[in-house]
Amino acid sequence: MNILSAAHPLSGPTSDAPLVRALRGDRPDTVPVWFMRQAGRSLPEYRALRAEHRMLDACLNPELASEITLQPVRRHGVDAAVFFSDIVVPLKLVGVDVDLVAGRGPVFSEPLRTAADVAKHRKEFTADRLREALDPVREAVARTTEELGNTPLIGFAGAPFTLAAYLVEGGPSRDHLRARTLMHSDPETWQSLLDWVAELDAVFLEAQVEAGASAVQLFDSWAGSLSVADYREHVAPASRKALESVRATHYAHPTLHGYADRPLNVPVIHFAVGSGHLLEELADIGVSALGVDWRTPLDEASARLGDAVPLQGNLDPAYLGASPEVLKSHLEDVLERGRRAPAHILNLGHGVPPETDPDTLTRIVELAHAWSDAS
Ligand code: CP3
């Protein structure tokens, strides 16, 4: 078990933040709002900072990563920050040769295709080695949470399936056929691969939580390409394992007789794109809230989950370019449908498209907060 000795934002300043309350199943007075990819290319101040740094260099520069994380909080007044990093950062830090190529995606010089490839990676790129390389991430998170005060920071990781899909394919692919073929042609190697990625995820998430993140989100961007049966049998156990370190984090709580260990209960959000058929499975790995993409209305998603799971989402990014009236009525529809869930966190149904006018995002935050005040 991992015990934090210093005060953690989640046991103090962020414990009553609307986002944290919603993730615990409460309905705060105002609906919390944040946007996936809120830090990024939609902001001119981001583009200016990034002009001189490659993506992965920026992620590993604590001062820069912290500044980029804070930019959308200052500009939009969102209810949470999301840590500026990328799902491939733990792989890069442990020594895997990967680059992020704008307009293309993550590119790996040595795709993992065989049992021998997987065994070699497992042996060389261990969780312990990652733990030793995470100082830039710890420092960036610590700086950021100090600046954020009572606004929570959401840490994240890419889920084992999504990362494994990149590792096997060697880069982006349409239907992840090579990865899904390995799953069935050599299930043992597949399981070993997912297990290894889950260990790296656990260490990456643990570092963010230790350094002050108040919640984490597991992004399974490509899980939508899986059948329900394959998700359940070949993927869910690894995603559950990736979250173990988060669940195991405790903190030292002062009592009359010294300190006692208490579970920090860091809330976990789980999100996958195009995964309407998987909602029950995605919720079943043990989550505080489920992110829903724009294809499934929130009231329908809630009904399927027995109205027992807080939901996050699910504005359709396509509406960000529509007229203010059309966008407002879509927003109100999403907020109304979100009432059915035990709690609702407003977000998009996928990341902010780079061409989005940032003023549109600020306006959504204002409208959602005003809607909460009026209802
Ligand atoms: O909300 C968040 O910010 C969550 C974190 C997150 C990022 N990327 C941050 C990011 C997540 C979950 C990703 C996933 C990711 N990264 C995918 C999966 C698809 C998806 O949308 O879920 C892919 C293909 C990547 C790879 C990637 N990331 C590339 C190719 C690039 C561009 C490289 C460059 O030089 O700019 C990125 C950049 C990236 N990842 C940014 C952020 C905030 C910054 C720039 C942007 O707005 O895209």
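Any read-out appearing in this document is the output of simple, stated calculations on the displayed coordinates, not a laboratory observation. Quick caveat: nothing in here was measured; it's all calculated off a predicted structure. Cβ coordinates were reconstructed from backbone atoms using ideal geometry, including for glycine residues, and neighbour counts include every protein chain displayed.
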Set of lysines near K92 by C-alpha distance (under 19 Å), chain-local residues within fewer than 8 positions excluded | K120, K123
Highest mean first, what order results for 187-197, 43-53 on Cβ atoms within 10 Å?
-> 187-197, 43-53
Rule-of-thumb check for the range 180-277: C-alpha Rg over 2.2 N^0.38 Å?
-> 1.32
Round to a whole angstrom and tell me the spacing of the C-alpha centers of the range 7-59 and the range 96-169.
-> 19
Hz values of 3J(HN,Hα) by residue in the range 108-123 - Karplus curve (6.51, -1.76, 1.60), Gly and Pro given as x | 10, 6, 10, x, 8, 10, 10, 4, 5, 4, 5, 4, 5, 5, 4, 6
Given 236-243, 123-130, the highest-first ranking by average Cβ count within 10 Å works out to 236-243, 123-130
Placed amide H near G170: partners under 5 Å, 5+ positions off or other chain | L112
Mind jotting down the three principal axis lengths of the chain based on Cα atoms? Whole angstrom, largest first.
-> 61, 54, 47
log10 of Debye I(q)/I(0), alpha-carbon scatterers only, for the range 90-148 at 0.12, 0.26, 0.29 Å⁻¹ = -0.42, -1.04, -1.11
Please report the relative contact order for the range 183-333, taking Cα pairs under 8 Å with a sequence separation of at least 6, and give it as a percent rounded to a whole number.
-> 20
With the contact rule set at Cα under 8 Å and sequence spacing of 6 or more, what percent relative contact order holds for the range 2-374?
-> 22
Order these peptides, 149-158, 164-173, 357-366, by their mean beta-carbon neighbour count within 10 angstrom, highest first.
-> 149-158, 164-173, 357-366
